[in-house]
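The values are calculated or read from the model by the stated rules, or taken from the named source; none is laboratory data. Here the structure is a predicted model, which means the values were calculated and not measured. Glycine also receives a Cβ, built like all others from the backbone with ideal geometry; neighbour counts cover every protein chain displayed. Just so you know, the surface numbers come from the protein's heavy atoms only, side chains and all, with ligands and any DNA or RNA stripped out. Shrake-Rupley method; radii C 1.70, N 1.55, O 1.52, S 1.80 Å.
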Amino acid sequence: MPDIDPSTPKLPRANAYRIRMTVVSVIIAAAAGMGGVYGIGGLMRNAHAQAQCAPAVDLAKKIAPFAKGEVAALTMATAPLQLPDLAFEDSEGKTRKLSEWRGRTVLINLWATWCVPCRKEMPALDKLQETLGGKDFEVVAINIDTRDPEKPKTFLKEGNLTKLAYFHDQKAKVFQELKSAGRALGMPTSVLVDGAGCEIATIAGPAEWASDDAMKLIKAATAK
């Protein structure tokens, strides 16, 4: 039998039991707290997004050398991020969602007529859509004017910007959702998204999307 020092004090059974139960309670409370903050479903969704978006991060690394010149301000994704399933309306008032573009690379752009850099950027976005838009890529420019719904339509018509489909969100929820995701700090905002709805790159501010630099970057992002 092991040696026992008779001078070592022993805790009463009741005290020892209370200590053990306190420790167990703390552990349970911590686990419950984690579940309350994240939720089991939230943790599972996050793990799913991590797996889904790993290829987008790899692609961002691959095309990073193309983020130069006119598109040097692009910030390439360094961690997996699946964008919210943004909801907005088309020219007929039908609700559309970002998930409808699954399987295609998308350049999400938020713009407004009160935003001077946005207005200057729109012709370049229209040209980008005309040049590279198709089954593998589309510019999804979403207007967030909250007052006169005819104003952005008039702007596009007067500017002869006919290649871009008209999408809008008069409540500007898309901006708030991207802001909550840390991807909308001002206007305009553009996010390059892969076919799984994951961020490849983001830019806060305008870019010359009709430039050779931009065309090469988009081609690299959509290459198979």
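Which one of Phe66, Ile142, Ser211 is farthest out on the positive end of the charge dipole of segment 53-222, using unit charges on Cβ (Lys, Arg +1; Asp, Glu -1) and the Cα centre as origin?
Going by the charge dipole, the pick is Phe66.
Between Ala181 and Thr75, how many nm apart are label points set 7 Å from Cα along the C-beta direction?
Spacing of the two 7 Å Cα→Cβ label points: 1.4 nm.
Taking segment 97-157 as the region of interest, what is the percent of Cα-Cα pairs per 10 angstrom bin, listed from the shortest bin to the one with the maximum distance?
20, 49, 28, 3
Run the simple label-point estimate for Asp85 and Lys173 please: 7 Å along Cα→C-beta, distance reported in nm.
According to this spin-label approximation, the distance is 1.3 nm.
Restricting the calculation to Cα positions, tell me the Rg (one decimal) and the Dmax (whole number) of segment 154-219 in Å.
That works out to 13.6, 35 Å for Rg and Dmax.
Cα centroid distance between segment 119-163 and segment 88-104, in Å?
15 Å
Dividing the alpha-carbon radius of gyration of segment 53-222 by 2.2 N^0.38 Å (N being the number of residues), what value is obtained?
On the way: Rg = 14.6 Å, N = 170, 2.2 N^0.38 = 15.5 Å.
Working it through for segment 53-222, the quotient is 0.94.
Kindly report the accessible area of segment 53-222 per residue (heavy atoms of protein chains, probe 1.4 Å, no ligands, DNA or RNA), in Å².
Values: 7950 Å² over 170 residues.
Value for segment 53-222: 47 Å² per residue.
Starting from the Cα-Cα distance between Ala64 and Thr131, subtract it from 0.36 nm times their residue separation and give me the gain in nm to one decimal. It would help to have the intermediate numbers written out before the result.
Values: separation 67, 0.36 × 67 = 24.12 nm, distance 2.16 nm.
Full-extension gain reported as 22.0 nm.
With +1 on each Lys and Arg Cβ and -1 on each Asp and Glu Cβ, and nothing else charged, work out how big the dipole of segment 54-145 is about its Cα centre, in Debye to the nearest 20.
In total the dipole reaches around 320 debye.
Evaluate the charge dipole of segment 53-222 about its Cα centre and quote only its size in Debye, nearest 20, assuming +1 on the Cβ of each Lys and Arg and -1 on the Cβ of each Asp and Glu.
Numbers: 23 positive and 23 negative charges, 29 e Å.
In total the dipole reaches around 140 debye.
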